[in-house]
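Derivation of every value follows stated rules applied to the coordinates shown; laboratory data play no part. Just so you know, these numbers come straight off a predicted model, no measurement behind them. FYI the Cβ positions are ideal-geometry reconstructions off the backbone, even for glycines, and counts take in every protein chain you see.
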Amino acid sequence: MAQQEEQRGDWRAAETYRPLLSADASSWAWEFARRGVAAGSDEAAAPPDLCFAGAAVGAAEGPLAIWRFEADPSIPAFEARPADAADSDALDVRALGLTALVVTSDLGDQHVLIADGARRLRLAVTHGDVLAGPVLLSFKLPSRGFGAACLPAVRDLLVLRDTGRLPRPPRNESQRERRWLRALQALDARRAGASQRQIATLLFGDSRVAQDWSGASDYMRMRVQRLVRSAEQMAAGRYRAVFGLRPLGSRPGRPVAIWLSA
């Protein structure tokens, strides 16, 4: 199962949360889920739909998380068969020169994450072995109800095969991500014993809190309360709906993870 991480770092420091600015949906989901695990409000251990979570290594940037492809409709599934190294259609994970993580489940499926800096590609291999050398990948149509959510990853895989790099999508920090970041920081602060005013000072600054906290409007206190309440709900399981994950009903065995770092 996933590598368990204690919540480390100072909730007062922006550096504690800065790596999340480059996080994708999979990592955001785990950030909320692990706070639920720590508080006992989610599964007693890591959620069964989580395959791996851990800190980045090598050339990867930011936190890493892989959810099982049966639960995450954004992950395409393939079958792999051995190929000749000279075959231009083949993919060799070991020869990419990028950081890669291959997690083998108890069922023999491989969950693959390839990191090109902050860019990520996740895919699953239901038959075959991407660690054995060059392979030809055959795409499996997603299960009914999953739709076309995995097609962007299929497109990125084609770019990776043809260029050796992952495409760089336009990246603008969204208002929604900023709210998630504030919610996580507010939740960590509250659990550490911070008062609502201390949280407001942390998020909005001393001068603004000094001016507005005891004013005619109670908007700032209510804003802090909403952030904490929203984060608690996300940690308790709502992260699945927000990030499009399907809960799995059984807990598989412990996967085996192999890092390939450039």
Query raised in the report: Most mobile of Ala192, Ala86, Ala46 per a Gaussian network model of the chain (Cα springs, under 10 Å)?
Result: Ala86
**Report entry** More than 24 angstrom apart: percent of Cα pairs within the chain
**Finding:** 51 percent
**Report entry** Exposure proxy order (Cβ contacts within 10 Å, fewest to most) of Asp116, Asp188
**Finding:** Asp188, Asp116
Query raised in the report: To the nearest 10 degrees, how steeply does helix 219-233 sit against the main Cα axis of the chain, on a 0 to 90 scale?
Result: 40 degrees
Query raised in the report: In a GNM of the chain with a 10 Å cut-off on Cα contacts, which of Leu131, Leu121, Leu91 has the highest mean-square fluctuation?
Result: Leu131
Report summary line: Diffusion coefficient in µm²/s returned for the range 9-141 by Stokes-Einstein, Kirkwood Rh over C-alpha pairs, 25 °C and 0.890 mPa s, is 153 µm²/s
Query - Ratio Rg/Rh, restricted to the range 115-173 and using Cα atoms, in which Rh is the Kirkwood radius - result: 0.98
**Report entry** Cα-based helix-to-principal-axis angle, 25-39 vs the chain, degrees rounded to 10
**Finding:** 60 degrees
Report task. With springs connecting C-alpha atoms under 10 Å apart, model the chain as a Gaussian network and identify which of Gln185, Gln110, Gln198 has the largest mean-square fluctuation. Result -> Gln198
Query raised in the report: Which one of Leu96, His127, Ile114 is farthest out on the positive end of the charge dipole of the chain, using unit charges on Cβ (Lys, Arg +1; Asp, Glu -1) and the Cα centre as origin?
Result: Ile114
Query raised in the report: Against the longest principal axis of the chain, how steep is helix 151-163, in degrees 0 to 90 to the nearest 10, with axes from Cα atoms?
Result: 60 degrees
Query raised in the report: Rounded if a/c is under 1.5, else prolate if a/b beats b/c, else oblate: with a ≥ b ≥ c from the C-alpha gyration tensor eigenvalues square-rooted, which is the range 137-198?
Result: prolate
Report summary line: In vacuo Debye sum over C-alpha of the range 154-241, base-10 log of normalised intensity I(q)/I(0) at q = 0.17, 0.18, 0.20 Å⁻¹, listed in q order, is -0.76, -0.82, -0.92
